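Novice: The structure's right below; bear with me while I get my questions together.
Readers should treat all values here as calculations from the given coordinates under stated rules, not as data from a laboratory. As the structure is a computational prediction, the values presented were derived from the model and not from experiment. Here Cβ is always computed from backbone atoms with ideal geometry, including for glycine, and neighbour counts include all displayed protein chains.
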Amino acid sequence: MRRRRREKRENNNFKYLMYLSGGIVLVILITFAITFIVYNNKLKEYSYSSLSTEKIADLVPNETEEEVNQELEEASSDIGKSIEEAINSIEEEETKVEEENTAKAEEKTNTNSQEENKAVATNTEPEKVKEPEFTMPVEGEIMRNYAKDSLIYSETLEEWIIHLGIDIKAARTTVVKAAEAGTVTSIKNDPRYGLTITIEHVNGFKTVYSNLLTTEFVEEGEKVEKGQSIGTVGNSAAFEIVDEPHLHFEIIKDDENVDPNIYIK
């Protein structure tokens, strides 16, 4: 019984100490809060009171509403000018780039046109063809020479005549060959010079092979090579029937007879 009373008394004492401690802490907190509030108020009053009316007035700008509006307008104008200048600068730069691109395009077009014209001029320029080099159509002695500007005596006709070719002595049936490559344009029996073959060559040249026995090796329109067999030597020329067997050979340049000795290599 005594023990219980003692424990109860101890519990009551503990509670009392707890309440007392809590009260003390609460009083301290309240005191601190009141002190902070009072001090803060005094600090503000001091700060406000330390600035005089004149100082406060100096801190506030003394500009009128009209001046403020004017400044705003000037600032807006300056901003507008800056924007306009920037736009103009961009437009000028774009125009400059466009002009440069146009100039480059025109230059390229002109260059291409010049190259095309040059190519066309090159393509249209007539191709230079090498002059033909003639060889003897048969091997043999020249028994009668070319005489266009002078006269020679014809034993068959018994008179003086011109002679537009050369007569090359050769045995009957000797093979006659093309003096240069070309195209056979005519095979006929000429009343003066007998069986005759005409071959057309480059650069306006023609060769004439007369007093033939046969022409069976070629046909009209046939292309022949240099040295190709075209006929045989005969004795069919009425104007030279008295002469020994031979080949009457002519070279024609632009429809004019020329001296074969000049062109035979």
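Novice: Within segment 211-251, track down each residue that is surrounded by fewer than 19 Cβ atoms within 10 Å (Cβ to Cβ), hydrophobic (A, V, I, L, M, F, W, C) and either more than 59 Å from the chain's Cα centre (by Cα) or closer than 25 Å to Asp149 by Cα (or both).
Specialist: Leu213, Ala238, Ile241, Val242
Novice: On to the next question. Checking Thr183 against (1) within 21 Å of Thr135 (Cβ to Cβ); (2) surrounded by 18 or more Cβ atoms within 10 Å (Cβ to Cβ), only one condition comes out false. Which one?
Specialist: For Thr183, the failing item is (2).
Novice: Could you list, in sequence order, the residues of segment 226-237 that are outside any strand (DSSP E or B) and in contact (Cβ under 8 Å) with a residue 60 or more places away in the chain?
Specialist: Lys226, Gly227, Gly234, Asn235
Novice: I would also like to ask the following. Take segment 156-167 and flag every residue that is surrounded by 12 or more Cβ atoms within 10 Å (Cβ to Cβ) and out of contact with any Pro (no Cβ under 7 Å at 6 or more places or on another chain).
Specialist: Answer for segment 156-167, where residues must be surrounded by 12 or more Cβ atoms within 10 Å (Cβ to Cβ) and out of contact with any Pro (no Cβ under 7 Å at 6 or more places or on another chain): Thr156, Leu157, Ile161, Ile162, His163, Leu164, Asp167.
Novice: Something else now. Does segment 134-160 hold any residues that are more than 16 Å from Tyr209 (Cβ to Cβ) and in contact with a helix residue (DSSP H, G or I) (Cβ under 8 Å, 6 or more places away or on another chain), and which are they?
Specialist: Within segment 134-160, Asn145, Ser154, Thr156, Leu157 qualify.
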